[in-house]
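Engineer: Got a structure for you, questions after.
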Amino acid sequence: MTTSQPHSTAQSEALFARARAVTPGGVNSPVRAFRSVGGVPRFIASAQGAYLTDADGTRYLDYIGSWGPMILGHNHPAVREAVTQALAGGTSFGAPNEREVDLAELIVGLTGAERVRFVSSGTEATMSALRLARGYTGRKYIVKFRGNYHGHADGLLVEAGSGLMTNAEGELGAAAPSSAGVPEEYAGLTLVLDYNAPEALDALMAARGEEIAAVIFEPVVGNAGVLIPTPDFLAALHRVRDFGAVLIADEVMTGFRLSLSGATGLLSLDPDLRCWGKIVGGGLPVGAYGGRADIMDFVSPQGPVYQAGTLSGNPLAMAAGIATLRELKANPDLYRQLDDYATRLAAGLREAAARAGVPVSINHIGSMLTVFFQGAPDGSVRDYAAAARSDTAAFAAWFQGLLSRGVYWAPSQFESIFISAAHGEAELSATLEAAAQAFEGVES
Ligand code: PMP
């Protein structure tokens, strides 16, 4: 696997041509198009454990895990079995079902949230949590952090991370709003601060705290590459409640990934509301938001804040979520294993980069990791501006070097990779071998 293979991409190319004719850019989510790294996006035919197989039959060691959900590995037997069983009973009811209660009880038990409402994506979860915070407080403004991504609701596409950190030409984009089609008046209700800048947050709250409905944050950032919060910043976040603002931890990426109780548990946070997605649906479309009962009871039909969904609580999706959370609960040692893998991966990558003379700065926590192509000391990349100093051309060269050796890394400098339970010793050593060769191919 580790030799650079000139494997065929003919099928992916043909599919991409067909897709471009009927879908904007040929993809249904922008980063999949490989715009910032170049080359043909691989069309995936199937996935098993830690591996993807593309339409040309090439197998890749996968570090995306569907951008987070697949913490157990692809096509895990327990999840497959649960979905198959649910399928036999019908695919959607538009009426309450027992699995919704089971999954909500699991989440409440694991996280300490008092009430949970299911939606169908992370975007809907954050969008709904913000409407709820506005309805609860009667205030208009929200605060978010530069480079944090909370899905594509209008008011959140303001100096956002993820695919928005690279525009179509692969250049860094820093416009606010970060998308066309978001009215300035609407974006104006979103106040943006730097991540890990507690003084700025304190100053804003002191000046305008009474106008602010909510402060939403990624408790560990994945969407500017991995950024780890400082204790001072976390303390400042908790002080926003002194002004009556609702503190919303966006755990769409970190929930059930950094620990059974997410980043909230790992970092001893105490948010009022939390948003989930990805792992909570075990690879099927689920999002959720939840938290304090007195706030959540403002949600319709209990309260005046409207939010609904035709497929919310879908039985197949609930079954996948339940099976995933039960597996995680039954194997709490998994989080230590994932962290151990990431720590050894980071060490090996550092060593290989140094040998090849390529400057890198690696951030990792639990099973999330980013290799920033820049010479800053490890752990010192702490905000959007620092992440943006990375050499995206060097990253792209390294990415292609890995891909040609069968390792499918996240196709953007500004993303986390995700390690799963299916990544073992063989995968670690294959990755390090491929990565060392790929570093040799990077011009520094
Ligand atoms: N919040 C965070 C922290 C995310 O990482 C994402 C997706 N990457 C979202 C929200 C949006 O979730 P979805 O793509 O399911 O709408």
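All of the numbers you see were taken from the coordinates with simple rules; none came from a lab. From a predicted model like this one, the values you see are computed outputs, not experimental measurements. So basically every Cβ, Gly included, is an ideal-geometry build from the backbone, and we count neighbours across all protein chains shown.
Engineer: Using a Förster distance of 41 angstrom, determine the FRET efficiency expected from the C-beta separation of Ser46 and Arg336, and round it to 0.05.
Structural biologist: Working: r = 30 Å, r/R0 = 0.73.
In this case the efficiency is close to 0.85.
Engineer: How large is the dipole of the chain about the Cα centre if only Lys and Arg carry +1 and Asp and Glu carry -1, each at its Cβ, rounded to the nearest 20 debye?
Structural biologist: Details: 32 positive and 45 negative charges, 114 e Å.
So the magnitude is around 540 debye.
Engineer: Over all alpha-carbon pairs of region 230-375, lay out the pair-distance distribution in 5 Å bins, whole %, shortest bin first.
Structural biologist: 2, 8, 13, 16, 16, 15, 12, 9, 5, 3, 1, 0, 0
Engineer: Fewest to most neighbouring Cβ within 10 Å: what's the order for Ser312, Ser444, Ser29? Please list the in-between numbers first.
Structural biologist: Values: Ser312 19, Ser444 14, Ser29 11.
The fewest-first ordering by Cβ neighbours comes to Ser29, Ser444, Ser312.
Engineer: Next question. Hey, can you rank 401-414, 179-192, 330-343 by average C-beta count inside 10 Å, highest first?
Structural biologist: On the way: 401-414: 23.6, 179-192: 13.6, 330-343: 15.1.
In decreasing order of mean packing, 401-414, 179-192, 330-343 become 401-414, 330-343, 179-192.
Engineer: Which of Met253, Met296 has the fewest other C-beta atoms within 10 Å, and how do the rest follow up to the most?
Structural biologist: On the way: Met253 29, Met296 23.
Lowest to highest Cβ neighbour count: Met296, Met253.
Engineer: With an 8 Å cut-off on Cα pairs and a minimum separation of 6 or more residues, tell me the relative contact order of the chain in percent.
Structural biologist: Numbers: 945 pairs, mean separation 99.7, N = 444.
Reported as a whole number, the value is 22 percent.
Engineer: What is the P(r) of the chain, as percent of Cα-Cα pairs per 20 Å bin from 0?
Structural biologist: That works out to 26, 59, 15, 0, in percent per bin.
Engineer: Give a quick list of trypsin sites (Lys or Arg not before Pro) in region 74-149 that DSSP marks as loop, anything other than H, G, I, E or B, with at most 12 other Cβ atoms within 10 Å.
Structural biologist: Numbers: sites: Arg80, Arg99, Arg115, Arg117, Arg131, Arg134, Arg139, Lys140, Lys144, Arg146; in loops: Arg139, Lys140, Arg146.
For trypsin sites (Lys or Arg not before Pro) across region 74-149 that sit outside H, G, I, E and B with at most 12 neighbouring Cβ atoms in 10 Å, the list reads Lys140.
Engineer: Could you give the nm distance between label points at Asn75 and Glu210, where each point is 7 Å from its Cα heading toward the beta carbon?
Structural biologist: The answer from the label model is 6.1 nm.
Engineer: Using modelled backbone amide H atoms (1.01 Å from N, in-plane), which distant-in-sequence or interchain residues come within less than 5 Å of Ala45's amide H?
Structural biologist: The list, which skips near neighbours in sequence, is Thr53, Asp54, Ala55.
Engineer: OK, next. Distances over 34 Å make up what percent of all Cα-Cα pairs in region 77-330?
Structural biologist: Values: 4920 of 32131 pairs.
When every Cα pair of region 77-330 is considered, 15 percent fall beyond 34 Å.
Engineer: Please work out how much length the chain gains when fully extended from His238 to Glu440, using 0.36 nm per residue of separation minus the C-alpha to C-alpha distance, in nm with one decimal. Walk me through the intermediate numbers first.
Structural biologist: Values: separation 202, 0.36 × 202 = 72.72 nm, distance 4.50 nm.
Contour length minus the Cα-Cα distance gives 68.2 nm.
Engineer: Kindly state, to the nearest 0.05, the FRET efficiency for Ser92 paired with Ser29, given R0 = 22 Å and r defined as their beta-carbon distance.
Structural biologist: Numbers: r = 23 Å, r/R0 = 1.05.
That gives a FRET efficiency of 0.45.
Engineer: Net charge around Leu428, counting only other residues with Cβ within less than 12 Å of its Cβ (Lys, Arg = +1; Asp, Glu = -1)? Intermediate values should be presented prior to the final figure.
Structural biologist: Details: positive: Arg344; negative: Asp340, Glu425, Glu427, Glu433.
Result for the neighbourhood of Leu428: -3.
Engineer: Continuing with the same structure: Looking at the chain, send over the antiparallel percent of its DSSP beta bridges, to the nearest 5.
Structural biologist: Working: 26 of 44 bridges.
Among the beta bridges of the chain, antiparallel pairing accounts for roughly 60 percent.
Engineer: Kindly put Thr123, Thr264 in sequence by how many other C-beta atoms sit within 10 Å of each C-beta, fewest to most. Don't skip to the answer; put the middle values down first.
Structural biologist: On the way: Thr123 19, Thr264 22.
The order, fewest Cβ neighbours first, is Thr123, Thr264.
Engineer: What does the charge dipole of region 172-285 about its Cα centre add up to, to the nearest 20 debye, if the Cβ of each Lys and Arg holds +1 and the Cβ of each Asp and Glu holds -1? Working shown, then result.
Structural biologist: On the way: 6 positive and 14 negative charges, 94 e Å.
Here the size comes out at about 460 debye.
Engineer: Also, I was wondering about something else. Go through region 242-303 and name the trypsin sites (Lys or Arg not before Pro) that are in a DSSP coil and have 11 or fewer other Cβ atoms within 10 Å of their Cβ.
Structural biologist: Numbers: sites: Arg257, Arg274, Lys278, Arg292; in loops: Arg257, Arg292.
Passing sites in region 242-303 do not exist.
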